[in-house]
Every structure is written in structure tokens, then in C-alpha cells.
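These notes concern the structure reproduced below.
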Amino acid sequence: MDRKTPSLYEILTGNFTGDLPLEVVNEEDQVILSVLDNIQRILNARAGTISHLPDYGLPDMTKILQGMPGTAHELIETLAGVLLKYEPRLQSLNVTLLEQQVPGELRYAIDAELRGIGLVRYGTEFMPEGKVLIWSAPEPVDKSAL
């Protein structure tokens, strides 16, 4: 697999999530957005829903959110493991729990090294209904953290 291209799904549809056409995004940013889209698909899937990939996705998020704050730190290893397994363009990553700005909020920074691209930062927020939002964050990343 050429790791400097969008996923096969995005190539076939010609778009990223939100109907953003591939051709309006430069080549390096295509990979960053493609990885972001795939991470969002992985994190919004629930483990056990795909019979041939029982560990694809996250555990039931209602249990995680109900068990906070203790479960917030436990989720770091789960996030890292599932993302490294199911997103092959990730070379390494570091997941950090971000400080709560609102009670009950669950947010993480994902500092990732993409094969052939370099270091990027993604931000995530777990919504009360269990959905995960993810975005590309502009903060610089210190490679020694990975």
C-alpha cells in the first residue's frame, strides 16, 4: 500500500468525509485527512459489531463515560492499541488525556507519526451520546513524546 495516498475508499468516492473533493487538497494533506477520516471511523465503531474483526472499534462508550474519571486513563491504552492495529499509516502515537473544561467532558490529544509524512496532532472529544469527534490540531508536536 502506498502510504502517501488517501485510502481506497476515498479514491473510489473521490471525496473525504463531508464531501470534500480529493482534488482540492494537496497531496500531503490528503494523507493527513484520510488518516483522520479512518481514525474517526475506527473510534465510532463499537468492538464486537464486526464479526470477523471483533476488536475493531472501542468498547461500549456509555460504560466508559459512566465510570469517569477512573476509566478516562484506562481508555488511553485501548485507543492506542486499536488505532495502531487498524490504521497502517500510523508509525507511532502518543495519546494524552486533556484537562476537562466542562464537567464530564472527555478529550484526548493524539500525537501521531505518519509513515512518509511526519508528525501530526489530532484532537478528539467523546460526546455524551457515545459519538467521537476528531479534528486535525495545529499545535506542533515534539517527536521525543512518541
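Derivation of every value follows stated rules applied to the coordinates shown; laboratory data play no part. Everything quoted here is computed from the prediction, not taken from an experiment. Positions of Cβ are generated from backbone atoms using ideal geometry, with glycine treated the same way; all protein chains shown enter the neighbour counts.
Values as computed for the structure displayed
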| quantity | calculated |
| --- | --- |
| Relative exposure of Val25, Val82, Val102, Val31, judged by other C-beta atoms within 10 Å (fewest first) | Val102, Val25, Val82, Val31 |
| Label selected from [x] 50, 30, 28; [y] 49, 36, 27; [z] 43, 38, 24, the criterion being Cα extents along the principal axes in Å as computed here | [z] |
| DSSP-loop GluC sites (Glu not before Pro) across segment 48-146, with at most 13 other Cβ within 10 angstrom | Glu99, Glu129 |
| Beta bridge orientation in segment 8-145: antiparallel %, DSSP, nearest 5 | 95 |
| Helix 70-86 axis, angle to the chain major axis (alpha carbon atoms, nearest 10°) | 20 |
| Under 17 Å from Lys4, Cα to Cα: aspartates and glutamates that are on another chain or at least 8 residues apart | Glu23, Glu27, Glu28, Asp29, Asp37, Glu87, Glu113 |
| 0 to 90° range, to nearest 10: angle between helix 27-44 axis and the chain longest Cα axis | 30 |
| Pairwise centroid distance, computed over Cα atoms, of segment 1-33 with segment 34-83, Å | 24 |
| Under 14 Å from Lys63, Cα to Cα: aspartates and glutamates that are on another chain or at least 8 residues apart | Glu74, Glu129 |
| Arg46-Lys4 pseudo-label distance in nm [points 7 Å out on the Cα-to-Cβ vector] | 4.1 |
| Of Pro88, Pro128, Pro54, the one that fluctuates the most in a GNM where the chain has Cα springs shorter than 10 Å | Pro54 |
